[in-house]
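Below you'll find the structure, written out as C-alpha cells, and then a few comments.
The values are calculated or read from the model by the stated rules, or taken from the named source; none is laboratory data. Model, not experiment: these values are computed from the prediction. Cβ coordinates were reconstructed from backbone atoms using ideal geometry, including for glycine residues, and neighbour counts include every protein chain displayed. Accessible surface areas use protein heavy atoms only, side chains included; no ligands, DNA or RNA. Shrake-Rupley method; radii C 1.70, N 1.55, O 1.52, S 1.80 Å.
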Amino acid sequence: MSDDQAWMSSLPSDLQNQVNSLIKAHPLSLPVIHKLCEYFNTQLSEHEDKRRKLSPETEIKTETHAPETFPSPKVEVSGQIHEQEIIFELPQISFQSPIRKKLNLIFHLWVEPGQSPKPVMLLALPTTYVPEISIHDLANLIKLCILLPILGNSTNNTKRNIGLLCFWLHEHAASDPNKNDPIICQVNFDQVKKQLIKAGKIPAEAETQLKEMSETNESQDGIKAINEAIINFLQKQFQLCGIHLINYLPSSNATRNKLTINTDAGIALSLKANLVNDLVMVEAYKGARDGAVLMLTANEYNQPYIIFGFKKPILIFDISKVQHVSYSNITRLTFSMIVTVVNEKKDSKVETLEFGMIDQKYFQIMDEFIKSQGINDNSFDEDLREKGTANANTGETQQTTEQAEPADSDDEEEDGTFQVGQEEEGESSVDEEYDSNAGSDGDSDVGEEEDDIKENGENADTASAEANDILTQNKEEDAEQP
C-alpha cells in the first residue's frame, strides 16, 4: 500500500472493505477520499494545538468530559465550534434543565457532504466551545418553545427583564424517554443587551431612542423597549432555524399585550391586551414539591397545555387529554385543583394529579380559563367527596407518618422524567402527598380553622360539607354574573 493510502491501515477491517469496494467501483474517488482524510487530520491537529494552549485545569476538564448528543445519535457534534459556522448565540446562560450550569446557547450550521447546511442547536462550554448537548432537525423535534415571566421577578423593576426560555421536545426525540427532559434556562436580557452593544451589534443610543418612542403607551409592568426589540430579533432567528418562539413577557407597550394579574404568586397575561388570558401561572404544590401551574391557550403553532414546573419532574400535558377538573380542600385562604388526564403513554390509562395550596384569590381566573377550554368541572362527583372526607379523617395519621420518614429528596438524578404519571418510586398517592404537605407547612390560618372545628365538636364530614358549600357559593356567584 502506498504512503498516500497508509491512512487506510488505521481503519476497522469492515470499513476498510467498504472503502476498497468504493474505490474499486469508482477509481476516481480515491483522490477525493484522500483529500478528505487530510482535511480532517489537519482540523484535528489544530484542535489539539488549541487545547494545549489552555490552562492545565481547563485542559483536564476537557479531556475527562464526554460530549453528549442529547436527543438523537444521528448528528454528533464534537470538538470546538468555529465562529464562521455560528448563526447566533446567547453566551453565559444559566441552565436549570436538563443540567445545571452556565453554557452558551448556540445555533450553528451543520454541514454534511453532499447535503445542504442544516441548523443545529448546541449547549456549549463557554471557555472551549465544546458542545455538551446538540439537537438537530429542530422543526420536527421541538414541539413547544416559550419565553415566560418568572414569579417574583415580574413585580421587581430590576428583575422583570429576566425570563425563562423553555424548549419541550417531542416524545420521539430521544431513544430513552427518561432522558427527554425539557431544556430550561434563565435569560437576563439586560445582560444580553450589554453583550450586543459591546460586540457592536446594536448602537448604544438605541435604548434611549426606543424608550422615547414607547413613552406614549408605556406599560408599568412591561420589560424595556430595547429588550423587547432583542426578543423580536430572537424570534426571527428562531423562525429561520425552524423554531416558533412564543413570547409571554409583558410588552413595553400596553396596547400590545397586558398583564391582567401581576403578583409574586400569580401572573395572568393577555396577548391581545384584552380580558382573555393566554397565560395563567400561579404558585402551587404537588405533594411536598413547590412549583407553579401554567395554563397556555392554543396559538397558530401550538396546542393548549397545562404545565407544572420548574423542578424535576416537570409535567406537561395537552389540554385535549384532560377529562375533567375539580376543586377540593377549599378553605378561606387556599384550594386544590385536581386534574384527571388520559395518559396515552400508559395504554390510555386515566390518571389524577392534584395541585394544592393555591391562593384562593386566583380561583376565579383559573376557573374561567378551565371553562374557556371546554373542560368539565367535576367538583360535585360523589367519589371525590368521599375521597376528600377520607383524607380529612386520616390527615393527622399521615402527618405523624411524614415526621417519622425522611423528607423527599430533590436530587435531580432521582426525579425521573417529566412525563405525566411517571412519579418517583415510593411516592405516595396524590391526596396523601397533599395532606402531608399541608401538615408540614403549618399554615396558621388553616390551623385556626381546624382548632375551631375541634372546639365546636365538628367532625371531618362537617368540614367537607363546608368546603362544598363554599364551592357551591362560588359557582352560584359565577352564574349570577352577566
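Cβ separations smaller than 6 Å between residues 6+ apart or across chains give the following pairs from the stretch 85-99 residues that are closer than 15 Å to Asn188 by Cβ to residues that are open to solvent by 50 Å² or more (accessible area, probe 1.4 Å): Gln92/Lys102; Ser94/Lys102; Ser94/Gln186. Listed conditions (1) of a type outside the set (A, V, I, L, M, F, W, C); (2) over 26 Å from Ile375 (Cα atoms); (3) in contact (Cβ under 8 Å) with a residue 60 or more places away in the chain are all met by Thr260, apart from (2). Among the residues of the stretch 318-327, are any more than 25 Å from Leu147 (Cα to Cα) and either out of contact with any strand residue (DSSP E or B) (no Cβ under 9 Å at 6 or more places or on another chain) or small (Gly, Ala, Ser) (or both)? Yes, the stretch 318-327 has at least one match. Residues in the stretch 358-378 that are part of a strand (DSSP E or B) and open to solvent by 30 Å² or more (accessible area, probe 1.4 Å): Asp359, Asn376, Asp377.
In the stretch 279-300, the residues that are touching a residue at least 40 places away in the same chain (Cβ under 8 Å) reach residues that are open to solvent by less than 10 Å² (accessible area, probe 1.4 Å) and polar (S, T, N, Q) with C-beta atoms within less than 7 angstrom, at least six apart or across chains, in these pairs: Tyr285/Asn437; Gly287/Asn437; Ala288/Asn437. Where strands (runs of 3 or more DSSP E) fall wholly inside the stretch 233-272, the ranges with 1 or more residues that are at pLDDT 95 or above and farther than 30 Å from Thr334 by Cα are 245-247.
Taken together, Asn178, Asn140 contain a single residue that is modelled with pLDDT of 90 or more, open to solvent by 60 Å² or more (accessible area, probe 1.4 Å) and over 29 Å from Ile223 (Cα atoms), which is Asn140. For the stretch 196-210, filtered to residues that are within 31 Å of the chain's Cα centre (by Cα) and in a helix (DSSP H, G or I), the residue that is surrounded by the fewest Cβ atoms within 10 Å (Cβ to Cβ) is Lys198.
Confirm whether Gln303 is open to solvent by 20 Å² or more (accessible area, probe 1.4 Å), of a type in the set (S, T, N, Q) and in a helix (DSSP H, G or I). No; evaluated as a whole, the condition is false for this residue.
Restricting attention to the stretch 354-383, the residues that are without any contact (Cβ under 8 Å) to a residue 40 or more places away in the chain and more than 29 Å from Asn262 (Cα to Cα) add up to 2. Would you confirm whether any residue within the stretch 174-186 is aliphatic (A, V, I, L, M) and part of a strand (DSSP E or B)? Yes, the stretch 174-186 contains at least one residue that is aliphatic (A, V, I, L, M) and part of a strand (DSSP E or B). Name the single residue, out of those in the stretch 146-169 being touching a residue at least 40 places away in the same chain (Cβ under 8 Å) and of a type in the set (Ser, Thr, Tyr), that is least open to solvent (accessible area, probe 1.4 Å). Step by step, filter the stretch 146-169, then rank; the result is Ser154.
The test for being over 20 Å from the mean Cα position of the chain (by Cα), surrounded by fewer than 20 Cβ atoms within 10 Å (Cβ to Cβ) and under 26 Å from Ile184 (Cα atoms) does not hold for Thr297.
For the stretch 212-222, the tally of residues that are outside any loop (DSSP other than H, G, I, E, B) and in contact (Cβ under 8 Å) with a residue 40 or more places away in the chain stands at 0. Taking the criterion of being closer than 16 Å to Cys185 by Cβ and either open to solvent by 10 Å² or more (accessible area, probe 1.4 Å) or in contact with a Pro (Cβ under 6 Å, 6 or more places away or on another chain) (or both), the residues of the stretch 114-137 that qualify are Leu122, Ala124, Leu125, Pro126, Pro131, Glu132, Ile135. For the stretch 223-241, a residue qualifies if it is in contact (Cβ under 8 Å) with a residue 60 or more places away in the chain and in contact with an Asp or Glu (Cβ under 8 Å, 6 or more places away or on another chain), and the qualifying residues are Lys224, Asn227.
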